[in-house]
Structure formats: structure tokens, C-alpha cells
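Following: one structure in C-alpha cells, then a few remarks.
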Amino acid sequence: MAIALIANPSAGGKKGSHIIPRVEALLRRHRIDFRIFITQHHTHAIDIARNLTPAYFDGVVSLGGDGTNFHVLNGLMKYHDPASLPPLGIIPVGSGNSFARDLGICTTADGIRALIRGETRPVDVCSFTQDGQPWYFVNLTGFGFVTDVAQTAHRLKRFGDFSYVLGVFHRMLGLRFHRMKLELDGRRIKGENCFVEFCNSRYTGGKMLMAPDATIDDGWFDVVVVGPMSRHSLMATFPKIFKGTHGQNPAVQFYRAKTAWVETDPPKTLLPDGELFGSTPTQIAIHPRRVRYFA
């Protein structure tokens, strides 16, 4: 096996820089041939993946967090034929690593073991539009309160998963709602809104079970729509997200869809796979089993 290893030394609060040499040693020990590409800036993984020749490799693996995987995925999907791509892989080093959990990969060692086994599984890919161009995600994207939380959490990455908890409490103090128009496979929903998440996989922010029934290869994305609620109600509901029971609050509604269109007033920043990128309005679609991941 020969893999392209796209490694982000800044992942996990620069934890990646310490893990890269250990991963290289493990790959050599297990006789996995690899060519390593080190990212030099935030979106560099897109350029690296774009300039690869995928046919030369038996796998393209990101070493980093959800954001690194997002950039690798887009570098491949936007500039190469998805049907000709080799399997993708994740060696998780980030502060969240949400998508990797649905592959059964929670640690760096899990990521290495998945490569050694060589077994893969099909994964749906979702797309969202910006300026008429598609971008891709495999974990989730959303807007509203969740994006505000992520903006705070990004500044507190040194606290790992707990950064998202701190973000929730910080943003709760200045809680604001927005107007939304949402269409899911022709079904229209509108009104005041706290946040929406379009979920291909189950987790966000590490261990937050945002969409407990989501499956990464069923051809649907799960949509979590949260209407206005008081700070007290939000405070009471938030801990339930770690068990996936937040749907007990009547302000939380779950849907499944294959296509979506959304606009908000004011426009809201998007959060695809943990990256603060893009804004509403946007269209979202699912592409069933478009890629394969080592799992």
C-alpha cells in the first residue's frame, strides 16, 4: 500500500507537529509506503489535494482534525473525478474529530489500525453552494447559535473538547435569534430560529451527539432545527446533547432530506465540518456513497 499523507502540524493546538514523527515511524514499522505533504497555511491542504495524481496512491489520508479532512475532501472532489479517487483516511489529531467517530476512529492509533486493516466503507458526501459553486462536507454544516459557539471555541482550542462547552456558555449570555426560510425536499419551514444543523454524521464538537439517528451511507442528511427558546431552556437542554436526548425539548425538531434551500435575515455564517466558511443563502444536496473511507 502507498498513501499520500496530508499532515497539518497546527491541528489540535499544534499537537500535530508532535504526532507527525510518531505516525511516520508507525507507518514505516507496518511497511506502509507513504509520501508526506505538510501544510504550510490554513487552506493549504486544498492545494495539495488538488495537485495530487490520485491514481499514484492507494489512499489519501489527512492527519489533523475535521477541518483538515474538509480541505482534503474539497481539493479532491472539486478538481478530480470522484469515481476515480482512492479511499480516503483520517488520523485524528484535531480538537473535535467528530466525523472520524462514525468511522470507529477516535484516536491516532485507531486511524493507523484502519490503514493497516485496509478495510473501507462507502460514505455519502453533502454539498453546499457559495457563489454558484459547490463545496463539500461529510460531517455537517450549520448556522446560527452553533456557529457562534464555534467561533468562540476556535479561540479556545487549547482546552480541547471543553472549548465547545465554554463557547456555549459564553454565547448564551448574548443569545439572539434570526428569521429563516427553509425548504426540505419541497417542505417549507419559516419563522424565528436559533440554529440549524444539516448532518451527514452524528457528532459535532467532539462528543456532542447532534443527530443521533444519522447514518453516513444511507443517502439522506438529517436536519436539526432549533427554534427560539429561553436561556433557561437552552441551559437545561444543552447537557442532553451529549446523550442525544435534546429532542425532548419541543423547540428541537428533526427532519430527513435529500435537498435543502435556506435563507436567513440577517445572512448567517456557515460551519461546514467545523470550518467557518460561507454564508446563507445556500442550497444543500447529498451525493450517496460518493467516496470510501478507511474504517
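Under the combined filter of DSSP loop state and at most 15 neighbouring Cβ atoms within 10 Å, region 1-106 retains none of its chymotrypsin sites (Phe, Trp or Tyr not before Pro). Each peptide in 212-218, 188-194 gets a packing score, the mean of other Cβ atoms within 10 Å over its residues, and the list from highest to lowest is 212-218, 188-194. Local charge for Lys258 was computed over the other residues whose Cβ lies under 13 Å away, with Lys and Arg +1 and Asp and Glu -1, and equals -3. Could you pull out the pairs from Lys14/Lys258; Lys190/Lys258; Lys207/Lys268; Lys15/Lys181; Lys243/Lys268; Lys181/Lys258 whose alpha carbons sit more than 29 Å apart here? Over 29 Å Cα-Cα: Lys14/Lys258; Lys15/Lys181.
In region 204-247, the convex hull through the Cα atoms has an average projected area of 3.5 nm², a quarter of its surface area. Taken over the chain, the convex hull of the Cα atoms encloses 114 Å³ per residue. The fraction of all Cα pairs in region 203-295 landing in successive 5 Å bins from 0 to the largest distance is 3, 11, 17, 22, 24, 16, 5, 2, 0, given as whole percents. Spatial offset of region 264-285 relative to region 13-55 amounts to 29 Å, using the alpha carbon center of each.
A straight Cα-to-Cα reach below 20 Å connects Lys240 with the aspartates and glutamates Asp102, Asp148, Asp161, Glu197, Asp213, Asp222, residues fewer than 8 places away in its own chain not being considered. Kirkwood's formula applied to the C-alpha pairs of region 126-202 gives a hydrodynamic radius of 14.2 angstrom. For the chain, the relative contact order works out to 21 percent when only alpha carbon pairs closer than 8 Å and six or more residues apart are counted.
Distance from the Cα centroid of region 97-161 to that of region 162-211 is 16 Å (rounded to whole angstrom). Over region 39-180, the reciprocal of the mean inverse Cα-Cα separation, the Kirkwood hydrodynamic radius, stands at 16.6 Å. Counting every C-alpha pair in region 104-254, the share spaced more than 21 angstrom apart comes to 50%.
Bear in mind these aren't lab numbers, they're just calculated from the coordinates by the rules spelled out. Keep in mind that what you see is a predicted model, and the values were worked out from it rather than measured. Heads up, the Cβs are rebuilt from the backbone with ideal geometry, glycines too, and the neighbour counts pull from every protein chain shown.
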